[in-house]
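Let me begin by presenting the structure, written as C-alpha coordinates, before commenting on it.
The values are calculated or read from the model by the stated rules, or taken from the named source; none is laboratory data. Owing to the predicted nature of the structure, the values given are computational and were not obtained by experimental measurement. We place every Cβ from the backbone using ideal geometry, glycine too, and count neighbours over all the protein chains shown. Ligands, DNA and RNA are excluded from the accessible area calculation, which covers all protein heavy atoms including side chains. Shrake-Rupley method; radii C 1.70, N 1.55, O 1.52, S 1.80 Å.
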Amino acid sequence: MSKVGIFFGTDTGNTRRVAKDIASALGSAVAAKPVNVRTASVEDMLLHDRLILGTPTYGEGLLPGLSTGNATESWEEFLPKLVGQDFSGKTVAIYGLGNQKSYPNEFVDAMFYLYEQFKQCNATLIGDWATDGYKFKASKAVVDGRFVGLVLDQENQKDLTADRLDVWLKTLTSTWDKNG
Ligand SMILES: Cc1cc2nc3c(=O)[nH]c(=O)nc-3n(C[C@H](O)[C@H](O)[C@H](O)COP(=O)(O)O)c2cc1C
(Lines give C-alpha, C1' and ligand atoms only; values in the text may rest on other atoms or scores of the structure.)
Protein backbone atom coordinates (compact mmCIF):
# COMPACT_ATOMS: atom_id res chain seq x y z
CA MET A 1 0.00 0.00 0.00
CA SER A 2 1.19 3.54 -0.72
CA LYS A 3 2.46 5.63 2.17
CA VAL A 4 0.21 8.14 3.91
CA GLY A 5 0.45 11.45 2.05
CA ILE A 6 0.72 14.55 4.22
CA PHE A 7 0.04 17.91 2.56
CA PHE A 8 -0.16 21.24 4.35
CA GLY A 9 -0.56 24.96 3.79
CA THR A 10 1.14 27.46 6.08
CA ASP A 11 2.21 31.07 6.37
CA THR A 12 4.08 31.29 9.67
CA GLY A 13 5.10 27.63 9.98
CA ASN A 14 2.79 26.22 12.66
CA THR A 15 0.94 23.89 10.31
CA ARG A 16 4.23 22.69 8.82
CA ARG A 17 5.60 21.90 12.28
CA VAL A 18 2.51 19.84 13.06
CA ALA A 19 2.86 18.02 9.71
CA LYS A 20 6.40 17.07 10.68
CA ASP A 21 5.23 15.87 14.09
CA ILE A 22 2.57 13.73 12.41
CA ALA A 23 5.13 12.25 10.02
CA SER A 24 7.52 11.36 12.81
CA ALA A 25 4.74 9.92 14.99
CA LEU A 26 3.62 7.65 12.13
CA GLY A 27 7.19 6.79 11.17
CA SER A 28 8.90 6.87 7.79
CA ALA A 29 7.73 3.35 6.88
CA VAL A 30 4.11 4.55 7.06
CA ALA A 31 4.15 8.24 6.15
CA ALA A 32 5.70 10.08 3.22
CA LYS A 33 7.62 13.30 3.81
CA PRO A 34 5.16 16.21 4.33
CA VAL A 35 4.70 18.44 1.29
CA ASN A 36 3.71 22.11 1.18
CA VAL A 37 0.64 22.24 -1.04
CA ARG A 38 2.16 25.28 -2.75
CA THR A 39 4.59 22.91 -4.49
CA ALA A 40 2.16 19.99 -5.01
CA SER A 41 0.06 18.85 -7.96
CA VAL A 42 -3.22 16.96 -7.89
CA GLU A 43 -1.34 13.98 -9.35
CA ASP A 44 1.01 14.03 -6.34
CA MET A 45 -2.01 13.65 -4.06
CA LEU A 46 -3.59 10.93 -6.15
CA LEU A 47 -0.52 8.74 -5.60
CA HIS A 48 -1.77 8.12 -2.03
CA ASP A 49 -4.77 6.11 -0.81
CA ARG A 50 -4.59 7.73 2.63
CA LEU A 51 -4.19 11.49 2.99
CA ILE A 52 -3.72 13.84 5.92
CA LEU A 53 -4.28 17.49 5.02
CA GLY A 54 -3.45 20.47 7.24
CA THR A 55 -4.61 24.07 6.98
CA PRO A 56 -4.55 27.22 9.09
CA THR A 57 -7.37 29.75 8.76
CA TYR A 58 -6.55 33.30 7.61
CA GLY A 59 -8.35 36.51 6.72
CA GLU A 60 -11.55 36.14 8.60
CA GLY A 61 -12.51 32.53 8.19
CA LEU A 62 -10.71 31.93 4.89
CA LEU A 63 -8.25 29.54 3.33
CA PRO A 64 -4.59 30.58 3.41
CA GLY A 65 -3.42 32.11 0.15
CA LEU A 66 -2.45 35.30 -1.61
CA SER A 67 -5.78 37.07 -1.02
CA THR A 68 -5.44 36.64 2.76
CA GLY A 69 -2.00 38.21 2.72
CA ASN A 70 0.09 35.04 2.88
CA ALA A 71 3.57 35.29 1.44
CA THR A 72 2.96 32.49 -1.06
CA GLU A 73 0.18 30.59 -2.80
CA SER A 74 -1.48 27.94 -0.70
CA TRP A 75 -4.80 26.06 -0.38
CA GLU A 76 -6.70 29.02 -1.80
CA GLU A 77 -4.96 28.51 -5.11
CA PHE A 78 -4.83 24.69 -4.92
CA LEU A 79 -8.47 23.85 -4.17
CA PRO A 80 -9.89 24.98 -7.54
CA LYS A 81 -7.58 22.43 -9.23
CA LEU A 82 -9.55 19.65 -7.50
CA VAL A 83 -12.82 20.42 -9.21
CA GLY A 84 -13.86 17.34 -11.20
CA GLN A 85 -11.10 15.11 -9.78
CA ASP A 86 -11.95 11.64 -8.46
CA PHE A 87 -10.74 10.57 -5.02
CA SER A 88 -13.04 7.52 -4.77
CA GLY A 89 -11.64 4.83 -2.48
CA LYS A 90 -9.29 7.27 -0.75
CA THR A 91 -9.53 8.39 2.87
CA VAL A 92 -8.88 12.02 3.78
CA ALA A 93 -8.28 13.28 7.33
CA ILE A 94 -8.08 17.03 7.93
CA TYR A 95 -6.38 18.94 10.72
CA GLY A 96 -6.76 22.67 11.21
CA LEU A 97 -4.98 25.38 13.14
CA GLY A 98 -6.70 28.48 14.42
CA ASN A 99 -6.97 30.96 17.23
CA GLN A 100 -10.19 30.65 19.26
CA LYS A 101 -9.60 33.79 21.34
CA SER A 102 -8.86 36.21 18.51
CA TYR A 103 -11.26 34.65 15.97
CA PRO A 104 -14.15 33.16 17.99
CA ASN A 105 -16.69 33.72 15.20
CA GLU A 106 -14.70 32.08 12.43
CA PHE A 107 -12.65 29.56 14.35
CA VAL A 108 -10.81 27.14 12.01
CA ASP A 109 -13.35 27.83 9.24
CA ALA A 110 -10.85 26.94 6.50
CA MET A 111 -11.10 23.25 7.37
CA PHE A 112 -14.65 23.28 6.09
CA TYR A 113 -13.57 24.29 2.58
CA LEU A 114 -11.17 21.35 2.36
CA TYR A 115 -13.84 19.02 3.74
CA GLU A 116 -16.43 20.22 1.24
CA GLN A 117 -14.12 20.00 -1.78
CA PHE A 118 -12.77 16.53 -0.98
CA LYS A 119 -16.31 15.26 -0.36
CA GLN A 120 -17.24 16.56 -3.78
CA CYS A 121 -14.30 14.56 -5.15
CA ASN A 122 -15.83 11.38 -3.60
CA ALA A 123 -13.15 10.95 -0.93
CA THR A 124 -14.09 9.25 2.35
CA LEU A 125 -13.62 11.84 5.10
CA ILE A 126 -12.38 10.43 8.42
CA GLY A 127 -11.02 11.82 11.69
CA ASP A 128 -13.83 14.07 12.92
CA TRP A 129 -13.28 15.54 16.37
CA ALA A 130 -15.36 16.62 19.38
CA THR A 131 -15.81 20.32 20.13
CA ASP A 132 -15.31 19.78 23.89
CA GLY A 133 -12.43 21.73 25.35
CA TYR A 134 -12.54 24.67 22.93
CA LYS A 135 -14.17 28.06 23.61
CA PHE A 136 -15.56 29.76 20.49
CA LYS A 137 -18.83 31.18 19.21
CA ALA A 138 -19.09 29.87 15.65
CA SER A 139 -17.19 27.70 13.24
CA LYS A 140 -18.06 26.50 9.74
CA ALA A 141 -15.88 23.49 10.54
CA VAL A 142 -18.56 22.09 12.86
CA VAL A 143 -20.78 19.67 10.94
CA ASP A 144 -23.40 17.61 12.79
CA GLY A 145 -22.02 18.84 16.11
CA ARG A 146 -18.41 17.81 15.54
CA PHE A 147 -15.37 19.40 13.93
CA VAL A 148 -14.66 17.88 10.52
CA GLY A 149 -11.12 17.09 11.68
CA LEU A 150 -8.56 17.64 14.42
CA VAL A 151 -8.43 21.23 15.73
CA LEU A 152 -5.25 22.69 17.22
CA ASP A 153 -4.73 26.15 18.72
CA GLN A 154 -1.03 26.87 19.08
CA GLU A 155 -1.64 30.38 20.43
CA ASN A 156 -3.92 29.47 23.35
CA GLN A 157 -3.72 25.71 23.95
CA LYS A 158 -0.26 24.67 22.83
CA ASP A 159 0.12 22.43 25.87
CA LEU A 160 -2.79 20.27 24.67
CA THR A 161 -1.46 19.70 21.16
CA ALA A 162 0.72 16.63 21.76
CA ASP A 163 -2.07 14.70 23.51
CA ARG A 164 -4.69 15.73 20.96
CA LEU A 165 -2.42 14.60 18.13
CA ASP A 166 -1.70 11.31 19.83
CA VAL A 167 -5.40 10.48 20.33
CA TRP A 168 -6.33 11.55 16.80
CA LEU A 169 -3.54 9.56 15.12
CA LYS A 170 -4.63 6.45 17.03
CA THR A 171 -8.18 6.82 15.70
CA LEU A 172 -6.85 7.30 12.17
CA THR A 173 -4.64 4.25 12.46
CA SER A 174 -7.49 2.07 13.64
CA THR A 175 -9.77 3.36 10.87
CA TRP A 176 -7.08 2.62 8.28
CA ASP A 177 -6.65 -0.89 9.73
CA LYS A 178 -10.38 -1.55 9.47
CA ASN A 179 -10.52 -0.31 5.89
CA GLY A 180 -7.29 -2.09 5.06
C1 LIG B 1 -4.03 37.86 9.97
C2 LIG B 1 -4.47 36.60 10.65
C3 LIG B 1 -5.78 36.16 10.46
C4 LIG B 1 -6.24 34.99 11.11
N5 LIG B 1 -7.55 34.58 10.93
C6 LIG B 1 -8.01 33.50 11.62
C7 LIG B 1 -9.38 33.08 11.52
O8 LIG B 1 -10.20 33.68 10.82
N9 LIG B 1 -9.78 31.99 12.24
C10 LIG B 1 -8.93 31.29 13.05
O11 LIG B 1 -9.35 30.32 13.69
N12 LIG B 1 -7.60 31.65 13.15
C13 LIG B 1 -7.13 32.73 12.47
N14 LIG B 1 -5.80 33.09 12.56
C15 LIG B 1 -4.88 32.28 13.39
C16 LIG B 1 -4.02 31.32 12.56
O17 LIG B 1 -4.81 30.37 11.86
C18 LIG B 1 -3.03 30.60 13.49
O19 LIG B 1 -2.13 31.55 14.01
C20 LIG B 1 -2.26 29.47 12.84
O21 LIG B 1 -1.55 28.76 13.84
C22 LIG B 1 -1.29 29.94 11.77
O23 LIG B 1 -0.75 28.83 11.11
P24 LIG B 1 0.59 28.89 10.23
O25 LIG B 1 1.73 29.25 11.16
O26 LIG B 1 0.73 27.48 9.71
O27 LIG B 1 0.42 29.88 9.14
C28 LIG B 1 -5.35 34.24 11.93
C29 LIG B 1 -4.02 34.71 12.10
C30 LIG B 1 -3.59 35.85 11.48
C31 LIG B 1 -2.17 36.32 11.70
- Message: Just to check your reading of the model, which residue among A19, A23 is in a helix (DSSP H, G or I), touching a strand residue (DSSP E or B) at 6+ places or on another chain (Cβ under 8 Å) and within 15 Å of the ligand (Cβ to nearest atom)?
- Response: A19
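Can you work out which of the residues in segment 101-126 that are open to solvent by less than 10 Å² (accessible area, probe 1.4 Å) and free of Cβ contacts under 8 Å to residues at least 60 places away in the same chain is nearest to W176 (Cα to Cα)? Step through it out loud before you land on a result.
Looking only at segment 101-126, we keep the residues that are open to solvent by less than 10 Å² (accessible area, probe 1.4 Å), and these are 107-111, 114, 118, 121.
If we keep only those that are free of Cβ contacts under 8 Å to residues at least 60 places away in the same chain as well, we get 107-111, 121.
Numbers: F107: 28, V108: 25, D109: 26, A110: 25, M111: 21, C121: 19 Å.
Residue satisfying both the conditions and the ranking: C121.
Listed residues K81, K33; which is under 27 Å from E106 (Cβ atoms) and charged (D, E, K, R)?
Working: K33 fails: under 27 Å from E106 (Cβ atoms).
Of K81, K33, the one residue that is under 27 Å from E106 (Cβ atoms) and charged (D, E, K, R) is K81.
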- Task: Give the residue, chosen from R38, R17, that is farther than 24 Å from A162 by Cβ, open to solvent by 70 Å² or more (accessible area, probe 1.4 Å) and not polar (S, T, N, Q).
- Result: R38
- Message: Considering only segment 63-71, I want to know if a residue exists there that is open to solvent by 40 Å² or more (accessible area, probe 1.4 Å), near the ligand (Cβ under 10 Å from one of its atoms) and at pLDDT below 95.
- Response: no
- Item | segment 71-110 - residue that is aliphatic (A, V, I, L, M) and within 19 Å of W129 (Cβ to Cβ) and, of those, nearest to the chain's Cα centre (by Cα) | I94
- Query: Taking T57 and the conditions (1) of a type outside the set (A, V, I, L, M); (2) surrounded by fewer than 24 Cβ atoms within 10 Å (Cβ to Cβ); (3) within 14 Å of the ligand (Cβ to nearest atom), which numbered condition does it fall short on, given that it satisfies the others?
  - Reply: (2)
- Given the conditions (1) surrounded by fewer than 20 Cβ atoms within 10 Å (Cβ to Cβ); (2) outside any loop (DSSP other than H, G, I, E, B), every one holds for A93 apart from (1)
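Restricted to segment 149-180, and to residues that are assigned to a loop (DSSP other than H, G, I, E, B) and open to solvent by 10 Å² or more (accessible area, probe 1.4 Å), which residue is nearest to K90 (Cα to Cα)? Don't jump to the end; show me each part of the working.
Here is the first cut: in segment 149-180, the residues assigned to a loop (DSSP other than H, G, I, E, B) are 149, 153-157, 180.
From the residues that got through so far, the ones that are open to solvent by 10 Å² or more (accessible area, probe 1.4 Å) too are 154-157, 180.
On the way: Q154: 29, E155: 32, N156: 33, Q157: 31, G180: 11 Å.
Among those that are assigned to a loop (DSSP other than H, G, I, E, B) and open to solvent by 10 Å² or more (accessible area, probe 1.4 Å), it is G180.
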- Message: Whether any residue in segment 106-121 is over 18 Å from S41 (Cα atoms) and assigned to a strand (DSSP E or B) is what I want to check.
- Response: no
